[in-house]
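Everything below concerns the one structure shown next.
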Amino acid sequence: MSLQKPIMRGLLAKRLRFHLPIAFALSLIAAAAFKYGVTEPRKQAYADFYKQYDAMKEFNGMKEAGIFESVRPSGE
Amino acid sequence: MFSAVVRLSASGVRSLARTRPCYTAPLASRCYSHGKAETDEEFDARWITYFNKPDIDAWELKKGMNTLIGYDLVPEPKILDSALRACRRLNDLASAIRILEAVKDKSGPHKGIYPYLIQELNPTLKELGISTPEELGMDHV
């Protein structure tokens, strides 16, 4: 029983034709997942933190804690 | 090969109709906007002629095989026949057996190609006294 002639040309092209769109799609999905799963929540967390941030209050808290050299707590 | 990657990745399924003329001859041929693309038969004939050169030298044999292996295809039996005869003229049994190993490797996951090639090349292998890697036990580690 002799063998039929198989397809011998363009095998890589055929494989790429199938796999490359999948690869691109998966890469885009991975990038989108990271953007919306990690970076956007992170940015939102920072935005939320600083929305009600009172710099002077924080500064005075640090000052009273005595961590600065140029300005001492109000007691000294 | 790179041209195949660029063509296929950029357009995917949408441009199947547009790229089809190139797709049927996707080997070393480029998608010229000028001139005709080489047909498969012309490609095969060119390579058969290359290896049929009576006074081909060892360098040309190696160069030819390396170039041929670089294409996105498994060489036709008639090209391999021509190359094996060139090996015979050069008294290079090692290269002859290596050619068989190479085309098996080129088939990749397509297990049907190599048995077909051996089937087609059997008369030549017998005539030239070339053993296959399998017969020599060289097909496994």
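The Cα-based radius of gyration and maximum Cα-Cα distance (Dmax) for the protein assembly as shown are 31.6, 106 Å. Spatially, chain A and the range B:66-120 are offset by 49 Å when compared through their Cα centroids. Angle of helix A:55-65 to the longest C-alpha principal axis of chain A, folded into 0 to 90 degrees and rounded to 10: 60°.
Distance between the pseudo-spin-label points of A:Gln4 and B:Ile69 (7 Å out from Cα toward the beta carbon): 3.1 nm.
Stokes-Einstein, applied to the Kirkwood radius of chain A over Cα pairs at a viscosity of 0.890 mPa s and 25 °C, places its translational diffusion at 130 µm² s⁻¹. With the alpha-carbon atoms of the range B:40-136 aligned to their principal axes, the span from lowest to highest coordinate is 34, 30, 20 Å, starting with the largest. Ordering B:Lys36, A:Lys43 from the fewest to the most neighbouring beta carbons within 10 Å gives B:Lys36, A:Lys43.
We did not get these values from a lab; they are worked out from the coordinates using the rules stated. In this text, all values refer to a predicted model and were calculated from it rather than measured experimentally. Methodologically, a virtual Cβ is constructed for each residue, glycine included, from the backbone with ideal geometry; neighbour enumeration extends over all protein chains shown.
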